[in-house]
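> Have a look at this one before I ask anything.
The values are calculated or read from the model by the stated rules, or taken from the named source; none is laboratory data. Keep in mind that this is a model prediction, so the values were computed, not measured. Neighbour counts are summed over all protein chains in view; Cβ atoms, including those assigned to glycine, are modelled from backbone coordinates with ideal geometry. For accessibility, only protein heavy atoms count, side chains too; no ligands or nucleic acids. Shrake-Rupley method; radii C 1.70, N 1.55, O 1.52, S 1.80 Å.
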Amino acid sequence: MKYDAHGLEFDLVASEMSGPLARGRYWTRLLLRLVLGLPGLALIAAVLLAPLVTTAVWATGAPEHITDFVRDPVGRNTLVRTGCSILFAVALVLLGFLFAHVTRGVERLWRVSWMVFVLPFGASALVSGTAFRLIFDPESERGLLSFVASWFGWEPTWLRGGWMWIVLALAFTWTWFGFIVAMFRASLNAIERDPTKQSRLEKAKGWADQRWLELRMIQPVGFIVGVIVTVAAARVFDLILIAAPGSTQFDVDVVGVQWWRLTQSTSDPSVPAAYLLPFTVLPLLFALIVMWRTGKSDSGSGVQPPSKPLDIEVGRGSKRRHLVGTLIGTFAVAVPVIVLLATAFHSPVHASTTGFWVPELPTLDSFARAMDAGLWRSVGITAWVAGAATVILMGAALPIAYWLAAHATSRLAKPAVWLLIGLALMPVQAYIAPLQVATEGLGIAGSRIPLILVHAAAGLPFAVLVLRGALQAPEKSLAADTLFGLTSPRTTIRRIWRQAGPALIAVTALEIVQVWNDFIISFLISGPGSSPLTLVLWGEARQFAFSSGTVAASASLSAVLPVTILLLTWRKYIVPGLTGGVLR
Amino acid sequence: MDRRTFLRTSATLPLAATVSGCAADELLGTRNAVRVAVTWSGAELEAFRDVIDNLRGLDMTHLGLTRPMDYAVDLIPRGDSIAAAIGARGTVKPDVVMLPRPGLVNRYRDDLEALPREGNAQLSKRVWPHQDRWRQLLSDSDTGQMYGLPFKVAHKSAVWYRKQLFAEHGLTPPRSWWELLGLVDQLVRNDELRRAGIAPLALGAADGWVLTDVFENILLALHDDTYKLLLEFHPDPNSESVRRWNDHHVVEALVRLGRLWGRRGVLSGGLDRSLVSQYPDAVQEVFAYERAAMVVAPDFADLIIEERYGAEPSARRRDEVGVFQFPADSRSGPPPVLVGSDIAVLPAPASAPAKDFVMRLSHRGAALPWIHHARGFIAANPRTNARYSAQSARLARDLEELRDPETSTQEGEQRGRLAFDLSDQLEAVGDRDGLWRALDRFLLDIGDRYDEIDTSALRDIRAAAWKVINHLIEFERERL
């Protein structure tokens, strides 16, 4: 609307004033952001991208090694095995999705069960490998399953041939199944709370159609879970080293392990690098697919922390089925925990010859021997490394996440997110070897600083994605304006905390758990003995069955802290943090 | 929980509080400690810890060490991949490595520092009269500098057996290879034993070195010239084989191996079970589960046996545990004495405390706590005056050519044909992907398969032996 008065022309705009407060001196602000973002960018460039490129150059620099790798039956077999384990991971995710339905409608039981289900996720691959090798010990005097099988006159050698794959698959399942189920369960409950989605779901006909629709509704979460589990399957390393006896390892080595064996036996870095080419290329491709799919999804199924228990109605008959199913599941997940603890409380001599079910007065001898092997020292070091890596990670991730959230529509944002997803999916084998060379070249191998930096960098892409998801607000919304507009630094921090506090806690908790349970980074960067897990594997587990008591004690002790942290933060922070839009 | 355990557990609890303080030093790599990489775990590790504690109290002035041991010693268990600790890229390098495979010292010499001058003096003829063998293995032939200090020696030609079982069935330890086969045959055919589920042999085939040890024993007993010949490497790509793998004695040794392992019912628990058994499991198969009559295992099996009988009266152990030497080719020939050793080496550059620590290990009393409390240890220092268990003492005597200044070489040859472990000295072909893998496949091909070792069985075994040989030749040729 325009009007004219005394030679002055007025123009009235019929909309409310909006938009972020913007300061005149824009450059100082930009500079500040750059300075804050620098550590993160430097970490990504120096510790992730540069070594990745080096690996790729090593691999492509000698193409004959790539053809050797594919032609050599050993190389081809490891590749096929890795492919199969990835397929298995996908199947496991689907199975977890279906089982999540079973656990619904039994809220009272779930209040206890979820802890059992989620617990293994806080324990390392090494702990699960230990538990399952104990259960599947082929001697009927020691192995629980062999003991039971011997009643029926059956004496299979579990740790050989096809059986070994079943043992490995079960150990992997134990670690991840609870995580998958709990994540899907939370997402399904979120659908339940959403009336429009609920009604769409009710219109769908048939069981299969409903499940398919559900899968599509919870797609972002499904993708995250799928991707996390698949990457875990592709990078399997310590699980095989601890669970498979030496002679069986010839038959179960996967790419991630065979690569390491080659770094040990040859000095030419291009030979093992050839093995890693799929590890460097596939994640980037996969990241493209992820972005393409999530761009289309009707996302926003973020899960809020449970305020009050949801009352899901199921028929009486199926309620009983759900109850029984959940109980069986809970029990199955609990068995390895029981085996591990029961073995640990036996004396080393007793545990080396007889199973945990043969009564003996509980003793701390095995724990004492585990400590004798230097467990406390490595626990202390790892606590420091985990703490320092987490602080650096948060300091580096937040500014980048903030910038990406504020400039979601910028032309730079999309490629940046793609790269971050790709890096988050990258197994550490893909970039660790050049880092080993670099730390030696710099002469800083004696300190743990390289280890801390590598840990921080390895966790960085994922942390940025989670934080960015939490900070992102609809463009031109009031929330976006208050968050990204001009304020004093204190106010900015307060607003970030209000918006992304749970995500920050989730990332912190996950990083500590991750560093604590890591084997491969600390083993390859700092050498054995630097973390409790490397100590267990290269020390006690050398003579696995003979050291059963000590191995079980070390494994139990090393799992206490990460499991506690995980259980304390799971419902309130981690589930909302992970489902709150990592890929938004 | 005994008193010792209680004290140790309670001592570690306040440690948790102080550990954070120590860790700060550790993070920056400024902690004043000697990092010692070891292969040991469990009871062996505990024993080595006792050894270190004991070092602080010993008088070392005659070694030229007048200052007290004013540094901490951190033990880093490296398991069986310990050799990687020396050449490890990037990782925190240990200051001292207790290398369990002496043959590797030569392979890694470029990464090692020579022993300090006093160390060389300590290894002189005066103290270690028969040090020539060590010198061959551990020194630089140009400078004469020694690159490692032997701390522990291992007798890898021992066969542990159940004395009582042998006595009950009128069996005696074999004195030649064919007697051993005859003994195995007798045991397999014995109905009473079969009903009781007792097999002749336990085999810890999950550990590659167990397989190579048996093979090396057979070859050494059969023809020691071939054994030595295999150490020679001719990197000529045109030659048929860069190493004499295709020597007919190697074939014969493998065929003998096949005769032993190929017989159905020989291996306790069968083939698959053997393949997932590690070396301690095999020892337990004989002495804890009593499902096998004997096991080929080094002298340090003593420690496992000691743990087993620890709580029982010593008479029980005396009646039950016997050991004999791996038999010679014929009754008149010398039996093999395959030698292993744990060598203290210094990855370069070595610090003063690291050198000091290695020197202290050369003290003749250094190993006594291990020998007397844990068992399963034969001291490398010839002047160590220890009270060994009956079986260890028996095995220690075989090694006297290495240890005892009074034994002449001739006497030694009668006691046994002494040789260091072969696979250690073979570079990569002696490791996991070479000999270990080949013997693993060999065992899979022929193990626990034939009711009689007749001509057709022998034909199979011979074919499998050639598969091993071709694998080894191919393996080395690829790496030229």
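> Quick check: is even one residue across the range A:516-525 open to solvent by 10 Å² or more (accessible area, probe 1.4 Å), in a helix (DSSP H, G or I), more than 12 Å from chain B (Cβ to nearest Cβ) and in contact with a helix residue (DSSP H, G or I) (Cβ under 6 Å, 6 or more places away or on another chain)?
yes
> Moving on to the next point. Name the residue, out of A:Phe132, A:Phe121, A:Phe152, that is at pLDDT 90 or above and more than 29 Å from A:Ser558 (Cα to Cα). Full working, then the answer.
Numbers: A:Phe132 fails: more than 29 Å from A:Ser558 (Cα to Cα); A:Phe121 fails: more than 29 Å from A:Ser558 (Cα to Cα).
Going through A:Phe132, A:Phe121, A:Phe152 in turn, the sole match is A:Phe152.
> While we're looking at this one, here's another question. From (1) among the aromatic types (Phe, Trp, Tyr); (2) buried (at least 16 other Cβ atoms within 10 Å of the Cβ); (3) not in a helix (DSSP H, G or I), pick out the condition that doesn't hold for A:Trp163.
(3)
> While we're here: Within the bounds of the range B:243-259, is there any residue that is farther than 23 Å from B:Arg394 by Cα, open to solvent by 40 Å² or more (accessible area, probe 1.4 Å) and acidic (Asp, Glu)?
Checked against the condition, which is being farther than 23 Å from B:Arg394 by Cα, open to solvent by 40 Å² or more (accessible area, probe 1.4 Å) and acidic (Asp, Glu), the range B:243-259 yields at least one hit.
> Now, a different point. Being without any contact (Cβ under 8 Å) to a residue 40 or more places away in the chain and either of a type in the set (S, T, N, Q) or surrounded by fewer than 23 Cβ atoms within 10 Å (Cβ to Cβ) (or both) narrows it down to one of B:Arg264, B:Arg195, so name that one.
Numbers: B:Arg264 fails: without any contact (Cβ under 8 Å) to a residue 40 or more places away in the chain.
Answer to the selection: B:Arg195.
> Also, quick follow-up: Filter the range B:199-254 down to the residues that are more than 22 Å from the chain's Cα centre (by Cα) and small (Gly, Ala, Ser) and list them by number.
B:Ala199, B:Ser239, B:Ser241
> A:Ser128 - would you say it is in a helix (DSSP H, G or I), among the hydroxyl-bearing types (Ser, Thr, Tyr) and over 26 Å from A:Phe250 (Cα atoms)? Walk me through it before giving the result.
On the way: in a helix (DSSP H, G or I): yes; among the hydroxyl-bearing types (Ser, Thr, Tyr): yes; over 26 Å from A:Phe250 (Cα atoms): no.
Spelling it out, it is not the case that A:Ser128 is in a helix (DSSP H, G or I), among the hydroxyl-bearing types (Ser, Thr, Tyr) and over 26 Å from A:Phe250 (Cα atoms).
For every residue, the table says whether it meets (1) at pLDDT 80 or above; (2) assigned to a loop (DSSP other than H, G, I, E, B); (3) more than 12 Å from every other protein chain (Cβ to nearest Cβ).
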residue	(1), (2), (3)
A:Leu537	no, no, no
A:Ala541	yes, no, no
A:Ala559	yes, no, yes
A:Thr564	yes, no, yes
A:Val582	no, yes, yes
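> Okay, next question. Got a number for residues in the range B:198-232 being surrounded by 14 or more Cβ atoms within 10 Å (Cβ to Cβ) and part of a loop (DSSP other than H, G, I, E, B)? It would help to see each step written out before you state the result.
Residues of the range B:198-232 surrounded by 14 or more Cβ atoms within 10 Å (Cβ to Cβ): B:198-224, B:226-227, B:229-231.
Filter once more, keeping what is part of a loop (DSSP other than H, G, I, E, B): B:198, B:203-207, B:223, B:230-231.
Selection size over the range B:198-232: 9.
> Please work out if A:Asp372 is in contact with a His (Cβ under 9 Å, 6 or more places away or on another chain) and either modelled with pLDDT under 90 or open to solvent by less than 50 Å² (accessible area, probe 1.4 Å) (or both). It would help to see each step written out before you state the result.
Values: in contact with a His (Cβ under 9 Å, 6 or more places away or on another chain): no; either modelled with pLDDT under 90 or open to solvent by less than 50 Å² (accessible area, probe 1.4 Å) (or both): yes.
Considered against the rule, which asks whether it is in contact with a His (Cβ under 9 Å, 6 or more places away or on another chain) and either modelled with pLDDT under 90 or open to solvent by less than 50 Å² (accessible area, probe 1.4 Å) (or both), A:Asp372 comes out as no.
> Oh, and also: So A:Gln472 clears everything in (1) within 11 Å of chain B (Cβ to nearest Cβ); (2) in contact with a Gly (Cβ under 7 Å, 6 or more places away or on another chain); (3) surrounded by fewer than 24 Cβ atoms within 10 Å (Cβ to Cβ) except one condition, right? Which one?
Answer for A:Gln472: the failing condition is (1).
> Being at pLDDT 80 or above and open to solvent by 20 Å² or more (accessible area, probe 1.4 Å) is the filter here, so list the residues in the range B:392-417 that pass it.
B:Ala393, B:Arg394, B:Arg397, B:Arg417
> Looking at (1) over 17 Å from the mean Cα position of the chain (by Cα); (2) more than 14 Å from chain A (Cβ to nearest Cβ); (3) open to solvent by 20 Å² or more (accessible area, probe 1.4 Å); (4) at pLDDT 90 or above, which is the only condition B:Gly365 fails?
(3)
> Given the conditions (1) under 21 Å from the mean Cα position of the chain (by Cα); (2) within 14 Å of chain A (Cβ to nearest Cβ); (3) of a type in the set (D, E, K, R), which single one is not true for B:Arg291?
Exception for B:Arg291: condition (1).
> Now, a different point. Specify which of the listed residues (A:Ser265, A:Ser247) is open to solvent by less than 10 Å² (accessible area, probe 1.4 Å), within 11 Å of chain B (Cβ to nearest Cβ), touching a helix residue (DSSP H, G or I) at 6+ places or on another chain (Cβ under 8 Å) and under 20 Å from A:Pro73 (Cα atoms).
Working: A:Ser265 fails: open to solvent by less than 10 Å² (accessible area, probe 1.4 Å).
Among A:Ser265, A:Ser247, only A:Ser247 is open to solvent by less than 10 Å² (accessible area, probe 1.4 Å), within 11 Å of chain B (Cβ to nearest Cβ), touching a helix residue (DSSP H, G or I) at 6+ places or on another chain (Cβ under 8 Å) and under 20 Å from A:Pro73 (Cα atoms).
> Hey, another quick one. I'd like to verify a number: residues in the range A:173-209 that are open to solvent by less than 20 Å² (accessible area, probe 1.4 Å), closer than 19 Å to A:Gly329 by Cβ and β-branched (Val, Ile, Thr), how many?
3
> Can you tell me which of (1) within 14 Å of chain A (Cβ to nearest Cβ); (2) in a strand (DSSP E or B); (3) surrounded by fewer than 24 Cβ atoms within 10 Å (Cβ to Cβ) is the one B:Leu271 doesn't meet?
Single failed check for B:Leu271: (2).
> Determine whether the range A:508-515 contains at least one residue that is within 14 Å of chain B (Cβ to nearest Cβ) and of a type in the set (Asp, Glu). Show your work before the answer.
Start the filter on the range A:508-515 by keeping residues that are within 14 Å of chain B (Cβ to nearest Cβ), which leaves A:515.
Of the ones still in play, those that are also of a type in the set (Asp, Glu) are none.
Within the range A:508-515, none of the residues are within 14 Å of chain B (Cβ to nearest Cβ) and of a type in the set (Asp, Glu).
> Let me ask something additional. Going by what's in this entry, would A:Gly143 be described as open to solvent by less than 20 Å² (accessible area, probe 1.4 Å), in contact (Cβ under 8 Å) with a residue 12 or more places away in the chain and away from chain B (no Cβ under 14 Å)?
Values: open to solvent by less than 20 Å² (accessible area, probe 1.4 Å): yes; in contact (Cβ under 8 Å) with a residue 12 or more places away in the chain: yes; away from chain B (no Cβ under 14 Å): no.
Criteria not met by A:Gly143.
> Which pairs have Cβ atoms under 6 Å, sit 6 or more apart or on different chains, and link a residue in the range A:262-273 that is in contact (Cβ under 8 Å) with a residue 12 or more places away in the chain to one that is open to solvent by 40 Å² or more (accessible area, probe 1.4 Å)?
Matching pairs, first to second residue: A:Pro269/A:Trp58; A:Ser270/A:Trp58; A:Ser270/A:Gly61; A:Ala273/A:Trp58.
> Can you tell which of A:Ile525, A:Ile496 is of a type in the set (A, V, I, L, M, F, W, C), touching a residue at least 12 places away in the same chain (Cβ under 8 Å) and more than 19 Å from A:Trp403 (Cβ to Cβ)?
After ruling out the rest, the residue left standing is A:Ile525.
> Return yes when A:Leu170 is crowded, with 18+ Cβ neighbours inside 10 Å and either away from every other protein chain (no Cβ under 14 Å) or in a helix (DSSP H, G or I) (or both) and no when it is not.
Details: crowded, with 18+ Cβ neighbours inside 10 Å: yes; either away from every other protein chain (no Cβ under 14 Å) or in a helix (DSSP H, G or I) (or both): yes.
Yes.
> Please return the ranges of helices (runs of 4 or more DSSP H) entirely within the range B:294-378 where 3 or more residues are out of contact with any Pro (no Cβ under 8 Å at 6 or more places or on another chain) and without any contact (Cβ under 8 Å) to a residue 12 or more places away in the chain.
Working: elements: B:301-309, B:314-320, B:352-361.
The qualifying helices (runs of 4 or more DSSP H) are B:314-320.
> Considering each residue of the range B:279-325, count those that are open to solvent by 30 Å² or more (accessible area, probe 1.4 Å) and touching a Lys or Arg at 6+ places or on another chain (Cβ under 8 Å), and give that number.
Total satisfying the criteria: 3.
> Taking the conditions exactly as written (over 24 Å from A:Ile565 (Cα atoms) and buried (at least 19 other Cβ atoms within 10 Å of the Cβ)), does A:Val106 satisfy them or not? I'd like the intermediate steps shown before the answer.
Details: over 24 Å from A:Ile565 (Cα atoms): yes; buried (at least 19 other Cβ atoms within 10 Å of the Cβ): yes.
Criteria met by A:Val106.
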